[in-house]
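Asks: Please see the structure below; I have some questions.
The values are calculated or read from the model by the stated rules, or taken from the named source; none is laboratory data. Here the structure is a predicted model, which is why all the values come from computation and not from measurement. Ideal geometry is used to build each Cβ from the backbone, glycine not excepted, and the neighbour counts take in all protein chains shown. Quick note on the areas: whole protein, heavy atoms, side chains included, nothing else; ligands and nucleic acids left out. Shrake-Rupley method; radii C 1.70, N 1.55, O 1.52, S 1.80 Å.
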Amino acid sequence: MEIFTLLGFGEKGWGVLILTGMALTLCVTLASLAIGAVIGAIIAAAKLSNRWWARALGTAYTTIFRGVPELLIIYLIYFGGSSAVTAIGQAMGIQGFLGMPSFLAGALAVGLISAAYQAEVYRGAYRAIPKGEIEAASSIGMPPMRCLRRIILPQILRFAIPGLNNVWQLSLKDSALISVTGLAELMRTTQVAAGSTRQYFMFYIVGGLLYLVLTSFSERVFNSAERRSNKSMPRGMGQV
Amino acid sequence: MSATPRLSVRNIRKSFGAHEVLRGISLDAHDGDVISVLGASGSGKSTFLRCINLLETADDGDIVVNGEEITMKTTSHGRSAASRKQLDRIRTNLGMVFQSFNLWSHMTILENIIEGPVHVQKRPRAECVAEAEALLEKVGIADRKDYYPAHLSGGQKQRAAIARSLAMKPKVILFDEPTSALDPELVGEVLRVMRDLAAEKMTMLVVTHEMGFARNVSNRVIFMREGQIDCDGTPQDMFGGKGSPYFQQFIRHMETENDAA
């Protein structure tokens with residue numbers, strides 16, 4: 001069977017490369033989720049601030065990164081970043097084109113987009129915390145930073161899990177666009193395999209199935225996290 | 001009485017925009033006083049209570065807790081406590097029980113109660129847990145300590161909230177309409193806990209619509225009207241016909257409301 005040879009782990013098989021690509025997709029998405037969490041939290045805080053300029057900056061960020069095509073952001077970071085690196089190289093006396101590491105560029109680009117969506121998730125989660133619970137903390141003399149750590153953040157995380165599941169799946173699919181920078185993640189590897197063997201149908205279907213494996217696996221992880229965090233919710237809400 | 005009042009409020013004023021909600025309110029609460037604050041909705045009684053622990057900041061006036069005045073400052077953003085540290089320290093002496101309970105929903109009842117003692121007062125956890133269990137026993141919900149607030153009835157939640165406030169060992173407890181959000185059949189269990197506290201000489205300031213509590217448990221009744229103290233006195237005097245005409249009208253109105261319900 002030719003199919004098994006092509007997909008196998010033998011000399012002619014693409015198995016190892018494709019699984020490596022899948023692992024790389026997972027890694028680059030995890031990295032972008034982490035980058036997006038940090039930036040997203042800052043943007044959410046800005047949008048919740050009572051300073052008008054902070055709110056304006058936050059709104060500008062989410063408007064831009066949700067309103068511009070993902071591919072454009074990736075090109076911007078990769079090629080923009082590379083020309084910056086090249087310019088720095090030239091200043092240091094290194095001639096020629098210096099590429100920005102494609103993993104870094106990809107994680108950064110998808111992370112910046114993810115941050116815009118995560119910011120909305122965190123903002124909504126903060127809004128879902130009853131204001132009275134924060135007043136109750138103030139009323140026993142809990143300092144603001146401790147209230148943030150003890151009362152606000154745990155509840156933001158709880159309310160954010162379903163939204164983060166969404167963002168994670170979006171980022172996982174956005175990461176396929178990083179293939180344009182030549183990073184050998186799942187999409188790129190599938191493309192190369194399909195092109196060089198001319199088995200387009202087979203490799204793209206396998207690639208698609210592997211994306212589904214990633215998304216349905218992460219769906220399970222998020223669902224169990226959601227169930228665990230819902231043990232404090234009223235009966236019938238989120239309990240399975 | 002010459003002893004320092006547990007709580008002394010002097011000439012509190014507060015406006016929301018052009019609307020003046022509190023127009024100069026003063027009050028002293030001595031050790032063991034149980035003061036009921038009555039008034040029609042909109043008379044400013046909840047705002048008054050919230051100004052005492054600075055959940056709302058009064059535009060003018062002083063708050064003195066146990067002889068220590070909360071220092072205030074005025075900046076371009078308005079008036080606020082001069083020192084958050086001092087405010088937080090004073091707040092540990094001022095318990096507050098809310099109409100909507102405001103238990104922390106991600107913590108069990110026991111965790112709610114030890115939160116302040118452990119994470120604000122920094123007392124040893126084991127000691128706090130033992131005290132919390134005794135408090136839960138006292139308010140009658142010891143068997144609910146590992147439940148989350150969402151799984152309790154309103155009356156149980158409010159009793160847990162009272163236990164949470166007691167765990168800080170406050171000098172004064174402020175009650176902001178503690179039974180107004182409860183189903184009628186659950187009001188009694190909360191009032192019983194409050195009556196026990198009164199009997200133990202806890203200093204309490206209670207904004208309420210419960211005429212029975214005001215009449216039978218408190219030792220002083222204050223009637224607020226249009227942001228001012230309209231009249232005040234002992235429950236015997238106030239309910240015995242010595243209150244102002246407005247107060248007479250108010251209790252007649254409350255009684256017909258109760259009869260209708």
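Asks: Considering only residues that are of a type in the set (Asp, Glu) and under 15 Å from residue B:27 (Cα atoms), look in the range B:50-72 and name the one that is farthest from the other protein chains (Cβ to nearest Cβ).
Replies: We begin by selecting, within the range B:50-72, every residue of a type in the set (Asp, Glu); these are B:56, B:59-60, B:62, B:68-69.
From what's left, under 15 Å from residue B:27 (Cα atoms): B:60, B:62, B:69.
Values: B:60: 22, B:62: 19, B:69: 16 Å.
For the range B:50-72, the residue satisfying everything is B:60.
Asks: Among the residues of the range B:188-208, is any crowded, with 20+ Cβ neighbours inside 10 Å, within 24 Å of residue B:121 (Cβ to Cβ), in contact with a Pro (Cβ under 7 Å, 6 or more places away or on another chain) and within 14 Å of chain A (Cβ to nearest Cβ)?
Replies: No, every residue in the range B:188-208 fails to be crowded, with 20+ Cβ neighbours inside 10 Å, within 24 Å of residue B:121 (Cβ to Cβ), in contact with a Pro (Cβ under 7 Å, 6 or more places away or on another chain) and within 14 Å of chain A (Cβ to nearest Cβ).
Asks: Quick one: count up the residues across the range B:19-73 that are closer than 25 Å to residue B:201 by Cβ, among the acidic types (Asp, Glu) and over 17 Å from the mean Cα position of the chain (by Cα).
Replies: The number of residues fulfilling the criteria is 2.
Yes or no, residue by residue, for (1) surrounded by fewer than 20 Cβ atoms within 10 Å (Cβ to Cβ); (2) under 30 Å from residue B:147 (Cα atoms); (3) of a type outside the set (Gly, Ala, Ser); (4) in contact with a His (Cβ under 8 Å, 6 or more places away or on another chain):
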site: A:172; (1), (2), (3), (4): no, no, yes, no
site: A:180; (1), (2), (3), (4): yes, no, yes, no
site: A:183; (1), (2), (3), (4): no, no, yes, no
site: A:186; (1), (2), (3), (4): no, no, yes, no
site: A:193; (1), (2), (3), (4): no, no, no, no
site: A:199; (1), (2), (3), (4): yes, no, yes, no
site: A:209; (1), (2), (3), (4): yes, no, yes, no
site: A:220; (1), (2), (3), (4): yes, yes, yes, no
site: A:231; (1), (2), (3), (4): yes, yes, yes, no
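Asks: Quick one: which residue in B:8, B:26, B:80, B:100 is in a strand (DSSP E or B), touching a residue at least 12 places away in the same chain (Cβ under 8 Å), surrounded by fewer than 21 Cβ atoms within 10 Å (Cβ to Cβ) and within 13 Å of chain A (Cβ to nearest Cβ)? Walk me through it before giving the result.
Replies: Numbers: B:8 fails: within 13 Å of chain A (Cβ to nearest Cβ); B:26 fails: within 13 Å of chain A (Cβ to nearest Cβ); B:100 fails: in a strand (DSSP E or B).
Every option except B:80 fails the conditions.
Asks: May I pose another question? Limited to the range B:83-93, what total is found for residues that are buried (at least 20 other Cβ atoms within 10 Å of the Cβ) and within 13 Å of residue A:135 (Cα to Cα)?
Replies: Residues that pass the stated criteria total 1.
Asks: When you go through B:129, B:97 one by one, which is the residue that is in contact with a strand residue (DSSP E or B) (Cβ under 7 Å, 6 or more places away or on another chain) and at pLDDT 95 or above?
Replies: Working: B:129 fails: in contact with a strand residue (DSSP E or B) (Cβ under 7 Å, 6 or more places away or on another chain).
Going through B:129, B:97 in turn, the sole match is B:97.
Asks: Considering only the range A:118-137, state which residues are touching a helix residue (DSSP H, G or I) at 6+ places or on another chain (Cβ under 7 Å) and at the interface with chain B (Cβ under 7 Å from one of its Cβ atoms).
Replies: The one that is touching a helix residue (DSSP H, G or I) at 6+ places or on another chain (Cβ under 7 Å) and at the interface with chain B (Cβ under 7 Å from one of its Cβ atoms): A:133.
Asks: Restrict the check to the range A:74-90 and report whether at least one residue is within 17 Å of residue A:173 (Cα to Cα), away from chain B (no Cβ under 14 Å) and either touching a Ser or Thr at 6+ places or on another chain (Cβ under 8 Å) or in a helix (DSSP H, G or I) (or both).
Replies: yes
Asks: Right, something else. Name the one entry in A:171, A:138, A:218 that is among the small types (Gly, Ala, Ser) and within 30 Å of residue A:82 (Cα to Cα).
Replies: A:171
Asks: Is it the case that the range A:163-170 has a residue that's surrounded by fewer than 16 Cβ atoms within 10 Å (Cβ to Cβ) and touching a residue at least 60 places away in the same chain (Cβ under 8 Å)?
Replies: Scanning the range A:163-170, I find no residue that is surrounded by fewer than 16 Cβ atoms within 10 Å (Cβ to Cβ) and touching a residue at least 60 places away in the same chain (Cβ under 8 Å), so the answer is no.
Asks: Hey, which of the helices (runs of 4 or more DSSP H) in the range A:1-69, taking only ones fully inside, have at least 2 residues that are touching a Gly at 6+ places or on another chain (Cβ under 9 Å) and either hydroxyl-bearing (Ser, Thr, Tyr) or open to solvent by less than 60 Å² (accessible area, probe 1.4 Å) (or both)?
Replies: It comes to A:2-7, A:15-48.
Asks: Within the range B:103-126, take every residue that is among the charged types (D, E, K, R) and not in a loop (DSSP other than H, G, I, E, B) and give me the one that is most open to solvent (accessible area, probe 1.4 Å). Steps first, answer last, please.
Replies: Here is the first cut: in the range B:103-126, the ones among the charged types (D, E, K, R) are B:111, B:115, B:122-123, B:125.
Filter again for not in a loop (DSSP other than H, G, I, E, B), leaving B:111, B:115, B:125.
Numbers: B:111: 74, B:115: 3, B:125: 135 Å².
Residue satisfying both the conditions and the ranking: B:125.
Asks: Taking residue B:136, is it part of a loop (DSSP other than H, G, I, E, B), in contact with an Asp or Glu (Cβ under 9 Å, 6 or more places away or on another chain) and open to solvent by less than 50 Å² (accessible area, probe 1.4 Å)?
Replies: Details: part of a loop (DSSP other than H, G, I, E, B): no; in contact with an Asp or Glu (Cβ under 9 Å, 6 or more places away or on another chain): yes; open to solvent by less than 50 Å² (accessible area, probe 1.4 Å): yes.
So residue B:136 does not fit the description; no.
Asks: If a residue counts only when it is more than 30 Å from residue B:101 (Cα to Cα), modelled with pLDDT under 95 and among the hydroxyl-bearing types (Ser, Thr, Tyr), which helices (runs of 4 or more DSSP H) contained entirely in the range A:94-179 have at least 1 such residues?
Replies: The qualifying helices (runs of 4 or more DSSP H) are A:102-128, A:153-174.
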